[in-house]
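Below is one structure, written out as structure tokens, with a few remarks after it.
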Amino acid sequence: MNNEQQNIYKNEYLPYIVRVGKITSWLSLPLIFIPALVVVIFFGARPDAGGVITGLVGLCSAMLAWYIVDPVTLYPILHIPGMYMTYLCGNSKEIRAPAATAALSAAGVEAGTEHGTIVAGISIAISIFISVGTMTLVAILGNAILAVLPQTVLHALNYLLPSLFGTMCMQRILLDPKSSLIILPISIALKFLSMNGFFKFLPFGGGYAQILLCVIAGVIVARIVHKDKLKA
Amino acid sequence: MTAEYKALSNSMIMWIACLPGVAIVIYQAYLIFKKSKDDAVRIGLSKNQVSASIRSAAITSIGPCLVMITAMLALMMYDGAPFAWLRTNFIGSITYELQGAQFAADGIGIELGSAQMDANFLATACIVEAGGCVGWVIFSALFSDRMEVVQEKLAGGNMNAVPIIGTGALIGVYCSLTVDRLIPFKTQAFGVFAGAIAITLLTLWDRKNPKQWVKEWGLTICMIIGMFVCTVIDIMNGVI
């Protein structure tokens with residue numbers, strides 16, 4: 001990139017993205033509580049405060065680690081525009097990260113570079129148009145869709161996520177086989193520990209422990225394996 | 001669900017109430033897409049690169065969206081179509097949303113999907129499911145433009161460590177998600193292996209004979225191969 005292009009990226013593109021991202025993110029917070037307000041005002045609901053707090057504490061504790069781990073781990077792929085969009089629309093690992101990964105590969109640019117940032121912005125926006133469009137159709141047409149799809153296709157959909165995760169995991173392994181061949185057995189061991197209730201003593205049942213420890217293990221292993229790059 | 005709850009949760013007023021949340025997601029994506037597309041060429045990307053990005057993102061997104069359909073239909077039974085539509089489009093993750101509905105039901109002591117669901121449950125679910133996702137929006141609003149600082153703090157001040165940490169963390173996340181699908185060992189494990197073998201072969205072949213279609217369609221092809229293998233196994237075992 002030449003100086004003019006750098007200037008456009010740093011002084012026009014990024015400030016615009018940050019402004020739009022922050023304003024829409026903060027603005028969205030009251031909007032998502034409108035349905036609750038409507039149910040109270042128009043349908044006379046009187047939700048029990050204790051029930052709401054119990055539900056919130058349960059859900060937030062299950063998700064707490066994810067509020068930080070998810071953005072921190074996916075930032076290298078999503079970058080600034082992708083972050084604002086992904087943490088407004090969701091499905092970070094299932095739809096946004098794969099869409100951005102595929103687009104970066106198709107465009108032949110690296111994640112985290114100026115070009116990679118703009119490609120991430122384009123690709124994640126496209127994935128949002130597709131997912132919102134799909135969910136809108138499903139919400140309107142509902143059960144009619146299920147009646148049309150063959151049983152075999154519906155059955156096969158149950159295996160899409162395992163196949164996707166296996167594919168994406170192997171992509172990571174191929175990019176860094178040394179780290180992966182240590183992290184994978186650690187993940188298996190942590191899974192067995194989790195399955196046998198080893199983490200139940202942790203606050204709120206420890207359901208988050210397996211993935212959190214996998215991330216920590218991944219960071220430590222990568223630092224050890226690539227320690228020569230740390231000094232460069 | 002009772003007829004009364006069905007009418008309430010699927011009413012026109014609920015659709016109108018849920019519209020602003022979905023609209024802001026689309027509006028934000030539209031603004032960022034337009035700016036990114038306009039500036040892409042200005043900073044040196046070619047029109048072909050932009051088109052390739054759009055095409056590959058669209059192709060890769062369709063498959064996972066289809067997965068969401070059956071789970072969304074389940075969510076529609078608990079929350080009604082309008083709120084399920086809002087939830088899956090606003091910090092939507094099907095597994096998270098179904099957990100949210102369960103936590104809401106547990107919180108007020110009713111059985112999810114039963115005739116006990118009423119306006120009080122819907123209001124509780126609306127607050128709990130929306131409240132539970134606020135953490136992500138706030139983190140993103142505060143730190144998206146400062147992630148280098150967050151990462152530097154996590155990297156202990158050594159910027160050389162940042163990409164290494166990112167790589168290690170990503171490997172950890174996807175290993176954990178994949179291992180969840182391998183243990184206990186069921187048919188889905190074959191999908192994991194089939195997808196992994198397919199992408200390995202495609203990647204090795206692409207390194208020797210670089211092809212654009214591999215980069216755009218690769219993920220989707222491997223997903224379909226995994227799904228196909230699992231379905232054939234289920235047919236052979238008489239499951240379907």
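The values are calculated or read from the model by the stated rules, or taken from the named source; none is laboratory data. Only a predicted model underlies this, so the values are computations on that prediction, with no experimental measurement involved. Cβ coordinates were reconstructed from backbone atoms using ideal geometry, including for glycine residues, and neighbour counts include every protein chain displayed. For accessibility, only protein heavy atoms count, side chains too; no ligands or nucleic acids. Shrake-Rupley method; radii C 1.70, N 1.55, O 1.52, S 1.80 Å.
Each listed q (0.15, 0.25, 0.27 Å⁻¹) maps to a log10 I(q)/I(0) for the range A:118-164, found by the Debye formula over equal Cα scatterers with no solvent: -0.58, -0.97, -0.98. For the options B:222, B:133, B:65, a Gaussian network treatment of chain B with springs between C-alpha atoms closer than 10 Å singles out B:65 as fluctuating the most. With a 1.4 Å probe and all protein chains left in place, how much of the accessible area of chain B comes from carbon and sulfur atoms, in whole percent? Carbon with sulfur: 67 percent of the solvent-accessible area.
Separation of the range A:35-93 and the range B:24-45, taken as the distance between their Cα centroids, equals 26 angstrom.
Could you derive backbone 3J(HN,Hα) for the range B:120-131 from the dihedral phi with the Karplus parameters 6.51, -1.76 and 1.60 (θ = phi - 60°), listing whole Hz in sequence and x where the residue is Gly or Pro? Residue by residue, the range B:120-131 yields 5, 5, 4, 4, 4, 4, 4, 6, 5, 5, 6, x Hz.
Determine the sum of side-chain charges near residue B:202: Lys and Arg each +1, Asp and Glu each -1, restricted to other residues whose C-beta is under 11 angstrom from that of residue B:202. Spell out each step's value before the answer.
Details: positive: B:207, B:211, B:215; negative: B:206.
Residues near residue B:202 contribute +2 overall.
Compared with the dominant Cα axis of chain B, that is its longest principal axis, helix B:161-182 is turned about 60°.
Taking N as the residue count of the range B:3-145, its C-alpha radius of gyration divided by 2.2 N^0.38 Å amounts to 1.27.
Of the DSSP H helices in chain A, those with a Cα length along their own long axis of 20 Å or more and a mean Kyte-Doolittle hydropathy reaching 1.6 comprise A:114-141, A:209-225. Mean residue ellipticity, 222 nm, helices only, chain A: the sum of -39500 (n - 2.57) across DSSP H runs of n ≥ 4, divided by residue count and rounded to 500, is -26000 deg cm²/dmol.
Scaled against 2.2 N^0.38 Å for its residue count N, the alpha carbon radius of gyration of the range A:35-112 is 1.58. Max-minus-min Cα coordinates of the range A:38-191 on each principal axis give 58, 40, 36 Å, with the largest extent listed first. Neighbouring Cβ atoms from other chains, within 10 Å of the Cβ of residues in B:200-207, number 2 on average.
Apply the a/c threshold of 1.5 to the C-alpha gyration tensor of the range B:153-236 and tell me whether it is rounded, prolate or oblate. Note, shape of the range B:153-236 comes out oblate. Normalising by residue count, chain B has a Cα convex hull of 195 Å³ per residue.
Between A:117, A:54, A:152, where does the largest GNM mean-square fluctuation fall for chain A, given springs only between Cα atoms within less than 10 Å? Residue with maximal mean-square fluctuation among A:117, A:54, A:152: A:152. Of all aspartates and glutamates in the structure, those lying under 14 Å Cα to Cα from residue B:215, and not within fewer than 8 positions of it along the same chain, are A:110, B:206. FRET efficiency for the residue A:152 to residue A:3 pair, using the beta carbon distance and R₀ = 56 Å, is estimated at 0.45. Summed over both chains, the contact between A and B buries some 13000 Å² of accessible surface at a probe radius of 1.4 Å.
Multiplying the sequence separation of residue A:23 and residue A:48 by 0.36 nm and subtracting their Cα-Cα distance, what value in nm do you get?
Numbers: separation 25, 0.36 × 25 = 9.00 nm, distance 3.24 nm.
Stretched out fully, the residue A:23 to residue A:48 stretch lengthens by 5.8 nm.
Once all protein chains are placed together, residue B:42 keeps about 100 Å² accessible to a 1.4 angstrom probe.
Determine one quarter of the surface area of the Cα convex hull of the protein assembly as shown, which equals its mean projected area, and express it in nm² to one decimal. Don't skip to the answer; put the middle values down first.
Numbers: hull surface 90.3 nm².
Quarter of the Cα hull surface area: 22.6 nm².
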